[in-house]
Amino acid sequence: MARGQETRKRILDVAQSAVLAKGFDATSIDEIVANAELTKSGFFYHFRDKNALALALIERHIEIEDQLFDELLQRARDLAEDPLQRALIALKLLAELIDDMPNGHPGCVVATAVYQDRLFDREVREANRRAVLGWRRRFRAMFDDIVAVYPAQDDVDLDSLADMVSSVIEGGIVMARALAEPSVTAQQILLLRSYVKVLFSPR
């Protein structure tokens, strides 16, 4: 069992690196098999096809992101009781985390799958939707806590504001890669932080 889990993890690691570098379409099973140093039958023992592989990558990404944000938000809660201050601390910690990555953020499996969703079946597309809605719920809860204490200084839809967090992160990753400037993503998150501060700070 342990060996099987190790092999599965190796396949996912190799596949994720290739997918983030050039997309699902340009990543072949033969390439994954070669780089993971296993037989083709070994691959198909774990994944029936690329749809199953994509689904596993997305589900693993969701799990890792959930753990990352759980830890980050818990650190913010430990540092501040005020909900606005907690959110500002969390966004600052996120910016610092991404800025500390030597080559910038490697990319997002969910975003990569969305760009090439024609390749996938309904189950994979639904997993992507579940990931995005999960991020919305998480950040909406953060903004709900703030609004309970600090009314927004502008008429904003809180679901849209929650989606803005994901949009800024994903857009920052795209800009950073396009410009070959890894610091862009963290800078965009800090601009979002400034907007949140202005939006909820009492006049």
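Condition first: open to solvent by 70 Å² or more (accessible area, probe 1.4 Å) and among the β-branched types (Val, Ile, Thr). Now tell me which residues in region 143-193 satisfy that.
Selection gives VAL149, VAL174.
Here is a check on your reading of the model: is LEU199 part of a helix (DSSP H, G or I), at pLDDT 95 or above, over 15 Å from LEU84 (Cα atoms) and not β-branched (Val, Ile, Thr)?
So LEU199 fails the test.
Could you look through region 113-142, keep only residues that are at pLDDT below 90 and not in a loop (DSSP other than H, G, I, E, B), and pick out the one that is surrounded by the most Cβ atoms within 10 Å (Cβ to Cβ)?
Filtering first and then ranking leaves ALA113.
Let me confirm something: among LEU91, LEU68, LEU97, LEU79, which residue is under 30 Å from TYR150 (Cβ atoms), open to solvent by 90 Å² or more (accessible area, probe 1.4 Å), out of contact with any Phe, Trp or Tyr (no Cβ under 9 Å at 6 or more places or on another chain) and hydrophobic (A, V, I, L, M, F, W, C)?
Step by step, each of LEU91, LEU68, LEU97, LEU79 is checked, and only LEU79 is under 30 Å from TYR150 (Cβ atoms), open to solvent by 90 Å² or more (accessible area, probe 1.4 Å), out of contact with any Phe, Trp or Tyr (no Cβ under 9 Å at 6 or more places or on another chain) and hydrophobic (A, V, I, L, M, F, W, C).
Please enumerate the residues belonging to region 38-52 that are touching a helix residue (DSSP H, G or I) at 6+ places or on another chain (Cβ under 6 Å), outside any loop (DSSP other than H, G, I, E, B) and open to solvent by less than 20 Å² (accessible area, probe 1.4 Å).
PHE43, the sole residue that qualifies.
List pairs: first in region 69-91 and assigned by TED's automatic domain parsing to the domain that holds MET142 and of a type in the set (Phe, Trp, Tyr), second assigned to a helix (DSSP H, G or I) and open to solvent by less than 90 Å² (accessible area, probe 1.4 Å), Cβ under 8 Å, 6+ apart or cross-chain?
So the pair list comes out as PHE69/ARG138.
Determine whether LEU190 is closer than 25 Å to ASP66 by Cβ and without any contact (Cβ under 8 Å) to a residue 60 or more places away in the chain.
So LEU190 fails the test.
Does ASN35 count as under 14 Å from THR112 (Cα atoms) and in a helix (DSSP H, G or I)?
Against the criterion (under 14 Å from THR112 (Cα atoms) and in a helix (DSSP H, G or I)), ASN35 does not qualify.
The values are calculated or read from the model by the stated rules, or taken from the named source; none is laboratory data. Computed from a prediction, not measured in an experiment: that's the story for all the values here. Please note: Cβ atoms are built from the backbone with ideal geometry, for glycine as well, and neighbour counts cover all protein chains shown. Note: accessible area is taken over every heavy atom of the protein model, side chains too, but ligands, DNA and RNA are not part of it. Shrake-Rupley method; radii C 1.70, N 1.55, O 1.52, S 1.80 Å.
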